[in-house]
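K.L.:
Got a structure here, written out as structure tokens. Questions coming.
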Amino acid sequence: MKKTIQSFKKAKQNGEKLTMLTAYDYSTAKLIDSCGIDGILVGDSLGMVCLGYEDTLSVTMEDMLHHTRAVTRACKNALVVGDMPFMSYQTSVYDAVKNAGRFIKEAKATAVKLEGGANVCDQIKAIVNAQIPVMGHLGLTPQSVNMFGGFKVQGKSEQAAKQLINDAKKIEEAGAFAIVLEGIPAKLAELITEQISIPTIGIGAGPCCDGQILVYQDMINMFSDFKPKFVKTFANAGKEMKKGFKTYIEEVKEGSFPSKEHSFNINEEILNKLY
Ligand code: KIV
């Protein structure tokens, strides 16, 4: 069944966990969608796991639209959320609405996500006013890596925790349909989840969020540059892929691939005329 922002709301009301993963290309999105996931985020983590940057800051609107188009072409049921890249919404409310609109018009996403709390509520209100669903994102927001001084767990002090609770309430008031909580203590995520009526989607935020999201390359062990503490390996695709690549190289080198079964025939009479 097609997932919508209404089905996200209903899941929270019914106490059903929501599932999300990231995806960046057609084949992977099709596989994930076929498994019954609720939502797919075309994350700006694209910059790190697909493009090899050390953070997400260099990702452009064009990068995001290109990959979001591929994902929406693949998804029959999952709610597809396009991640607004650094400087596509921070610069002004006008830029935020214009760029959010590009995700819908040009890439066929259903919703957009942006990072920040009270500081981006004007943008959230304006995007929602333009009839575009918005997912918030609080905590270890990777676009703030330089302000945080690295990828560090957020909300550990009393003041920082209170600020995050306040930000979550403000994002809900601004009209967001859900909030990603990333890299914050599990008990704080639980408190936020209890105090707002829109679903929280956790990543490194413990088990009490209304749903969970992971970067798909992390959870199937395809990305080896680093492994955050919150990532569990659900399958060893990286190992399987390497096995396949190595066997291919060996078989081509020794001449056992391609065999007859992987080759095309030509009529003998025609062939003889070619000599
Ligand atoms: O870019 C991304 O993949 C994200 C998720 C980790 C939530 O923002």
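K.L.:
Restricting to segment 17-50, name every residue that is of a type in the set (S, T, Y) and more than 14 Å from the ligand (Cβ to nearest atom).
P.N.:
The answer is Y26, S27, S34.
K.L.:
Cβ-Cβ under 6 Å, sequence separation 6+ or interchain: first residue in segment 22-45 and acidic (D, E), partner within 11 Å of the ligand (Cβ to nearest atom). Which pairs?
P.N.:
Pairs found: D44/T56; D44/V59; D44/D83; D44/P85.
K.L.:
If P228 meets every condition in (1) within 14 Å of the ligand (Cβ to nearest atom); (2) at pLDDT 95 or above apart from one, which number is that one?
P.N.:
(2)
Yes/no matrix, rows are residues, columns are (1) small (G, A, S); (2) part of a loop (DSSP other than H, G, I, E, B); (3) modelled with pLDDT under 95; (4) buried (at least 22 other Cβ atoms within 10 Å of the Cβ):
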{"position": "L65", "(1), (2), (3), (4)": "no, no, no, no"}
{"position": "A70", "(1), (2), (3), (4)": "yes, no, no, no"}
{"position": "R73", "(1), (2), (3), (4)": "no, no, no, no"}
{"position": "V80", "(1), (2), (3), (4)": "no, no, no, yes"}
{"position": "Y89", "(1), (2), (3), (4)": "no, yes, no, yes"}
{"position": "A96", "(1), (2), (3), (4)": "yes, no, no, yes"}
{"position": "N99", "(1), (2), (3), (4)": "no, no, no, yes"}
{"position": "R102", "(1), (2), (3), (4)": "no, no, no, no"}
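K.L.:
Moving on. Right, T110: hydroxyl-bearing (S, T, Y) and within 24 Å of D25 (Cα to Cα) or not?
P.N.:
Here the answer is yes, as T110 does meet what is asked.
K.L.:
Next up: If you check E54 against the conditions, is it free of Cβ contacts under 8 Å to residues at least 40 places away in the same chain, surrounded by fewer than 16 Cβ atoms within 10 Å (Cβ to Cβ) and within 15 Å of the ligand (Cβ to nearest atom)?
P.N.:
yes
The values are calculated or read from the model by the stated rules, or taken from the named source; none is laboratory data. The model shown is predicted, which means the values in this text are computed figures rather than measured ones. Cβ sites come from the backbone with ideal geometry, for glycine too, and all protein chains shown count toward neighbours.
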